[in-house]
Amino acid sequence: MEKIKSQMLAVPTDSSEIEDPRLLEKRLRESADFQVESMEFKEDGMRLGILWGEETFSAEIYPTDFEIPELYRCQHFFPDLDIEAIQKVQCGLAVEMMFGGDALSSYHLQLKLIHAMLPDALAVIDDSSEKILSGRWAALAAMSKVPPAPRYLYTAQAVAGEEDACVWLHTHGLNRCGRPELEVLNSNKENCQEHYNVLETLANRLLENEEIPPFGSPCFLAYVAEGMPLVVTLIDWEEAVELYPAEMLGGKNDRQESHNRDTCVVFVYPSQESAEERKFCPLDIYDKYMKGNPVFLISVEETARMRALAVERISYLFEASENKDNHLLVKLGLQVDEEHKTQSNDKEHIWFEVLEVSENRFRAELTQEPYYIKDMHKGFVGEYGPEDVTDWLIYTPEGRLSPDDVYRLSIS
């Protein structure tokens, strides 16, 4: 399939910044994160050639009037003062670029371009995924050596009918990554969260894989119950809508103006025989099982990304430990027993409660029973350091913070 441009718009704190192309040029050339190979000034903006890693990207940058669409998802928390400031801004800086071979790295570069030009941006409107991102989050993400989570590349929207419980789930943002958008048809209000989890896990899998699986091919995604695998498949939307009434939400009648190219619907194969015979079924046949905490597998690559971000920002965890009103959890990657080791993975990632912090080390108590470490049990206490950390959480009186959203600590 053909990629489309990734479109973002930065909302400036000071509108005069985007009216001075020479100021933007200076900031871009001074950035240590990427190299400006070419810059061409146009009547309405500029066109860049950017060297990032071993790949060259083209980007178009121009000021433009904007209004925030009502249906866009506000991904982050905004203090009232920021909301009031955003509402007063009438012109933003559009940044458009084609993603390269690694979509997540390309997304990271787009944020770095925005931050280089507008380091104090109030917000970033990601038109491709229909998200509104905090400028504080975008700045922290841009300054990081670790890219954001794959879920930032897309949004899964749930559209509900007014008179019935039918819900149409579909993504926005995957097309810019060279991937088809994903859908679940004929979901319902009771089970759409579980269907959303399937959609998100599958989207992340597609982003990690170099090739798009052929329509109708099986893809193992999770265990919905003990010994019960969830095997999904992608079916082109034109074939999928023929299985439902045309007037249904997300049916053929809703395809006249949008959602009619490079999009596919998620179905399941309940058995090996059904996969061999290409007899796929709706996702809802697993509804009664998915309420029981299904196990969605996280790839080795995503686990490594999460760990890198957690370690990079672990100073926030240590600082939070100084406030006794905070409650801290850390996920640690510990060696599994020899009989459970595999070539690709030899660690189990389990949650501990932090009891004490001293000189960048911490004592922590195991909060759950491990599956693959027979001599360690819930309540075990040990001493660990950043080298053991995979993830962490800070529970403050105001809410929960993860390595992704520690930008909130800067909000007074």
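The values are calculated or read from the model by the stated rules, or taken from the named source; none is laboratory data. What you see is a predicted model; the values in this text were computed from it and never measured. Positions of Cβ are backbone-derived with ideal geometry, glycine not excepted, and every protein chain shown enters the neighbour counts. Ligands, DNA and RNA are excluded from the accessible area calculation, which covers all protein heavy atoms including side chains. Shrake-Rupley method; radii C 1.70, N 1.55, O 1.52, S 1.80 Å.
Some observations on this one:
- Hits in segment 221-254 (condition: free of Cβ contacts under 8 Å to residues at least 60 places away in the same chain, assigned to a strand (DSSP E or B) and either touching a Lys or Arg at 6+ places or on another chain (Cβ under 7 Å) or not aliphatic (A, V, I, L, M) (or both)): 229, 233, 236
- Beta carbons closer than 8 Å, at least 6 apart along the sequence or on distinct chains, pair a first residue in segment 331-348 that is in contact (Cβ under 8 Å) with a residue 40 or more places away in the chain with a second that is of a type outside the set (S, T, N, Q) and open to solvent by 80 Å² or more (accessible area, probe 1.4 Å) for 333/307; 344/300; 345/300.
- Of the residues making up segment 192-208, those that are without any contact (Cβ under 8 Å) to a residue 40 or more places away in the chain and under 13 Å from residue 298 (Cα atoms) number 1.
- Any hit, segment 128-142, residues being buried (at least 21 other Cβ atoms within 10 Å of the Cβ), more than 30 Å from residue 314 (Cβ to Cβ) and of a type in the set (S, T, N, Q): yes
- Residue ID - most open to solvent (accessible area, probe 1.4 Å), chosen from residues in segment 69-89 that are out of contact with any helix residue (DSSP H, G or I) (no Cβ under 8 Å at 6 or more places or on another chain) and part of a loop (DSSP other than H, G, I, E, B): 70
- Screening segment 382-399 for residues that are modelled with pLDDT of 95 or more and within 12 Å of residue 320 (Cβ to Cβ) and picking the one that is surrounded by the fewest Cβ atoms within 10 Å (Cβ to Cβ) gives 395.
Let's see how each residue does on (1) within 13 Å of the chain's Cα centre (by Cα); (2) over 25 Å from residue 62 (Cβ atoms); (3) not hydrophobic (A, V, I, L, M, F, W, C):
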{"position": "111", "(1), (2), (3)": "no, no, no"}
{"position": "115", "(1), (2), (3)": "no, no, yes"}
{"position": "133", "(1), (2), (3)": "yes, no, no"}
{"position": "143", "(1), (2), (3)": "no, no, no"}
{"position": "173", "(1), (2), (3)": "yes, no, yes"}
{"position": "176", "(1), (2), (3)": "no, no, yes"}
{"position": "181", "(1), (2), (3)": "no, yes, yes"}
{"position": "202", "(1), (2), (3)": "yes, yes, no"}
{"position": "205", "(1), (2), (3)": "yes, yes, yes"}
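- Filtered by the rule that a residue be out of contact with any Asp or Glu (no Cβ under 9 Å at 6 or more places or on another chain), closer than 24 Å to residue 259 by Cβ and open to solvent by 60 Å² or more (accessible area, probe 1.4 Å), segment 213-245 gives 214, 238, 239, 242, 243, 245.
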